[in-house]
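Laboratory data are not the source of any read-out in this text; all were calculated from the coordinates shown. Fair warning: this is a prediction, and the values are worked out from it, not measured in the lab. Here the Cβ is made from the backbone with ideal geometry for all residues, glycine too, and neighbour counts use every protein chain on show.
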Amino acid sequence: DIQMTQSPSSLSASVGDSVTITCRASQSVASNLHWHHQKPGKAPRLLIYTVSSLQTGVPSNFSGSGFGTDFTLTINSLQPEDFGTYYCQQTDSSPFNFGPGTTVDIK
Amino acid sequence: LQMQESGPGVVKPSETLSLTCTVSGDSIRGSPYFWGWIRQSPGRGLEWIGRLSHSGGTDCNAALQSRATLKMDTSKNQFFLHLTSVTAADTALYYCVRLLGKLPDHWGQGTLVAVSS
C-alpha cells in the first residue's frame, strides 16, 4: 500500500498570511494526488484534484503543485473560512489512502 | 446532489453492519460516476472502504479482508455497505461518497457507527 504523510500536523496563522502544507507519498503516485478540506463537524469537501486543478467554487488563493512523491498545497492570503483540516489523498493505486491531515487554526 | 447515510448507530461485536446511502439530485442508474464509502475515526483517520459502479462492479480495500460488500438498488436510488464480523476497530463515522473514477467529489454528511455490546 502507498502511505501518505503530511507536514506540519498543525499550524496557526493570521488572516492574510500565506500557508504551505506538504504531502509526501511512500512511492510515486504521478499526478494522482488530491486535496480535501474538512471543517469541524462537517464532511470533507474536495478542494483540489490532480495536483493543481481547483474544484468548482474554490477560490483562486488556493493552489497545488508537485509530481511523483512530493506535493504542496498553498493558501495565499488566508481567510477566516479557511480554518479546518486539510487532507491529501492518492488515487494511483488501491487502497486510495489519505494523509493524516494538517489542521489550520486562525490566530 | 444530496447524499444521506442511514444505519443502526450501534452494532454488536461479531455482527454485520449495514448502511444505506440515499441519493437525490442524481440518478445512480447508468451514471458515469462510481458510488462508495469512506470512514473516519480518531485512530485510523480517513480510510477508503470501496466503490461500485452502476453496472455492479466493485473495488474494496483489501485491508478489510473481504468483510465488505457493496450493492445498489437503482429503483430506489440507493446503495449499501455491509460489513461483517465487526469489532471495536470498525467504530467510525461512515461517509457515502460519489466518485469521479476513483476520486470522491461529493460526500454525504456521515453517520456514526459504534461497535459495542
> Simple spin-label model, 7 Å along Cα-to-Cβ: B:Ala62 to A:Leu11 in nm?
Replying inline: 3.5
> Once the Cβ-Cβ distance between A:Thr74 and B:Ser14 is put in as r, and R0 is 41 Å, what FRET efficiency do you end up with, to the nearest 0.05?
Replying inline: 0.30
>> Can you give me the long-range amide H partners of B:Asp26? Hydrogens built in the peptide plane at 1.01 Å from N, cutoff under 5 Å, separation of 5 or more residues or another chain.
In response: B:Gln2
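Where Lys and Arg each count +1 and Asp and Glu each count -1, what net charge lies around B:Arg98 among other residues with Cβ under 10 Å from its Cβ?
Working: positive: B:Arg51; negative: B:Asp26, B:Asp105.
That works out to -1.
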>> How shielded is B:98-109 by partner chains, expressed as the average number of their Cβ atoms within 10 Å of its Cβ atoms?
In response: 5
>> So if I take the centroid of the Cα atoms in segment A:55-107 and the same for segment B:72-112, what is the distance between those two points in Å?
In response: 23
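If you average 1/r over all unlike Cα pairs in segment A:45-107 and invert the result, what Kirkwood radius do you get in angstrom?
Numbers: mean 1/r = 0.0787 Å⁻¹.
With all distinct Cα pairs of segment A:45-107 included, I get 12.7 Å.
In the protein assembly as shown, what is the volume of the convex hull around the alpha carbon atoms, normalised per residue and reported in Å³?
Dividing the Cα hull volume of the protein assembly as shown by its residues yields 114 Å³.
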> Quick one: what do you get for segment B:1-107 if you divide its Cα Rg by 2.2 N^0.38 Å?
Replying inline: 1.01
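Please work out the Cα convex hull volume for segment B:16-75 and give it in Å³ per residue. Present the calculation step by step, with values, prior to reporting the outcome.
Numbers: hull volume 6.4 nm³, N = 60.
Dividing the Cα hull volume of segment B:16-75 by its residue count gives 107 Å³.
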> A:Val29's amide H: which non-local residues (gap 5+, or another chain) put their own amide H closer than 5 Å, with H modeled 1.01 Å from N in plane and none for Pro or chain starts?
Replying inline: A:Gly68, A:Thr69
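If you average 1/r over all unlike Cα pairs in chain A and invert the result, what Kirkwood radius do you get in angstrom?
Working: mean 1/r = 0.0737 Å⁻¹.
Mean inverse Cα-Cα distance, inverted, gives 13.6 Å.
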>> Just to be sure I understand the curve: with the Debye formula and one point per C-alpha of segment B:56-117, what is log10 I(q)/I(0) at q = 0.24, 0.28 Å⁻¹?
In response: -1.33, -1.44
> Looking at the protein assembly as shown, how many pairs of lysines come closer than 27 Å at the Cα, when each pair is eight or more places apart or spans two chains?
Replying inline: 10
> Between A:Gln3 and A:Ser94, what is the label-to-label distance in nm when each label sits 7 Å out along the Cα-to-Cβ direction?
Replying inline: 2.3
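Under the 0.36 nm per residue contour assumption, what length would be gained going from the current alpha-carbon distance of B:Asp26 and B:Lys76 to full extension?
Values: separation 50, 0.36 × 50 = 18.00 nm, distance 1.18 nm.
Here the answer is 16.8 nm.
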